[in-house]
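Written out below as structure tokens is the structure these notes cover.
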Amino acid sequence: MAQVSAVKREDKTEKQERLLIILSKGTLDMVAPALMIATTGATMGKEVHMFFTFWGMNAINKKTIGNLKVAPVGNPGLPIPNILGMIPGMTAMATGMMKGKMEKAKIPSIPDMFKMAKDLGVKLHACSTTLEVMGINKEDFIPEVDDVVGAATMLELGEGGQILFI
Amino acid sequence: MAQVSAVKREDKTEKQERLLIILSKGTLDMVAPALMIATTGATMGKEVHMFFTFWGMNAINKKTIGNLKVAPVGNPGLPIPNILGMIPGMTAMATGMMKGKMEKAKIPSIPDMFKMAKDLGVKLHACSTTLEVMGINKEDFIPEVDDVVGAATMLELGEGGQILFI
Amino acid sequence: MAQVSAVKREDKTEKQERLLIILSKGTLDMVAPALMIATTGATMGKEVHMFFTFWGMNAINKKTIGNLKVAPVGNPGLPIPNILGMIPGMTAMATGMMKGKMEKAKIPSIPDMFKMAKDLGVKLHACSTTLEVMGINKEDFIPEVDDVVGAATMLELGEGGQILFI
């Protein structure tokens, strides 16, 4: 596998150029920046890896990728009181608002950002432990996902580089 | 601009001394540690950059900086049941409690921490994409903000250093 | 103290092998990955430090470690509508579900992961500022905690290494 040989490469002088993004959140407002940083890093010539774990699995699951949400409740960054956030439909409204604003700012959709990332050489890895804990199958993943790896391989992929935990 | 020349500096031997803090959260309990780490790093002689994106924009917006909140709902770290967290006023109460405790522990206010950070040479950058998505104007920012930059410049500012995503 | 001499070690060529995990969250779904990454890193021969701050303090407090929760409210990654998340008992249910799934996947409990981390040489540091703000005493900590340190010592422990902010 490509990423394994990359782990073992010998040119130590370039090692700062690696960027590993661990995505543990499954909300639109965290998945979007993770993908923006990944694609930007790849455009700059970095070797970029994304590792999807816990709620981050929502971003690469075919069943959930089209429906990533923004929570109006317990999110004091949104100008919606908690009591209103409870009303059914408010999560959909907050999510729709953000999606609309992202479209207006010409930001690609999440599925399109994954395609861009893939074209730019970003490697996508799913966390094996999360698969087991959450009972997710490989067949549930979008086709852009490269493989399923454990935490040790994940840390090796970030060896000598920068790691972001999102 | 100062940070651009900093990016291009030649002394590669010092590059571990850079610290880039990406702040994506807009709650008091995340903005406070971000600023504490930034000011501490600067005191230790590091070149520190803060990049404000998504909800982190709340921390540098004049309209919101004085009113950063702690959410009692959906925050199982707080000893308040969700059902009580719904009662109007509970966010204010949780926030007031934390502010009171921070004052008692002689921790400076958020605006004062920004002044300290600035005095110590910390550079403050706002995310251009978030400005566009959220419809925020530069005029909304506190005067300590240095500039508005994109993700590529942000990654350059962290080049060869440590990056924290908060 | 062991970790202080570690900071001052002379072998600069190995410095990428350091891993500092700053844990600021107190929920089961963030404490578990933090500990998994820490133990994995230690197994791979890294010098691993964990720094517990803000809500992360829940993970090392004897009063709370046995009762870390997953929030069903304001967590759009969970398939529970906000309005249902409000019903008393739903936090317990979401937490119980995750604990059950973790056990089934043979993942050790949080207290057991701390014991493993300790056996593997991971150093555990509590944030002095959080102690003061939250009025927590050293006596409240699980015995695995090594010491109470400030932000400057914390940054020194990560010097030259990788830092994750969880």
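Some values worked out for this structure:
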item: 24 Å Cα-Cα threshold exceeded, pairs from C:Lys25/C:Lys115; B:Lys69/C:Lys99; A:Lys25/A:Lys115; B:Lys99/C:Lys25; result: B:Lys69/C:Lys99
item: Karplus 3J(HN,Hα) series, Hz, for the range B:112-122 with 6.51 cos²θ - 1.76 cosθ + 1.60 (x for Gly, Pro); result: 5, 5, 5, 4, 4, 4, 4, 4, 7, x, 5
item: Net charge of Cβ neighbours under 15 Å - reference B:Cys127; Lys, Arg +1; Asp, Glu -1; result: -2
item: Mean-position separation - Cα centroids, the range B:106-166 and the range C:99-121, in angstrom; result: 38 Å
item: Cα-based Rg and Dmax for the range B:96-143, where Dmax is the largest Cα-Cα distance (Å); result: 14.4, 39
item: Where A meets C: accessible area buried, both sides, 1.4 Å probe, Å²; result: 2700 Å²
item: Copy-to-copy label separations for A:Ala92, where each label sits 7 Å from Cα toward Cβ, in nm and ascending; result: 3.2, 3.2
item: Label geometry 7 Å along the beta-carbon vector: A:Pro143 inter-copy distances in nm; result: 5.7, 5.7
item: 3J(HN,Hα) from dihedral phi, the range B:31-42, Karplus parametrisation 6.51/-1.76/1.60, rounded to Hz, x for glycine, proline; result: 5, 4, x, 4, 6, 5, 5, 4, 5, 5, x, 5
item: 7 Å along Cα→Cβ, label-point gaps from A:Lys62 to other copies, nm, shortest first; result: 5.2, 5.2
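The values are calculated or read from the model by the stated rules, or taken from the named source; none is laboratory data. None of these values were measured; they are calculated from a predicted model. FYI the Cβ positions are ideal-geometry reconstructions off the backbone, even for glycines, and counts take in every protein chain you see. Each accessible area value is taken on the protein alone, full model and side chains, heavy atoms only, with ligands, DNA and RNA left out. Shrake-Rupley method; radii C 1.70, N 1.55, O 1.52, S 1.80 Å.
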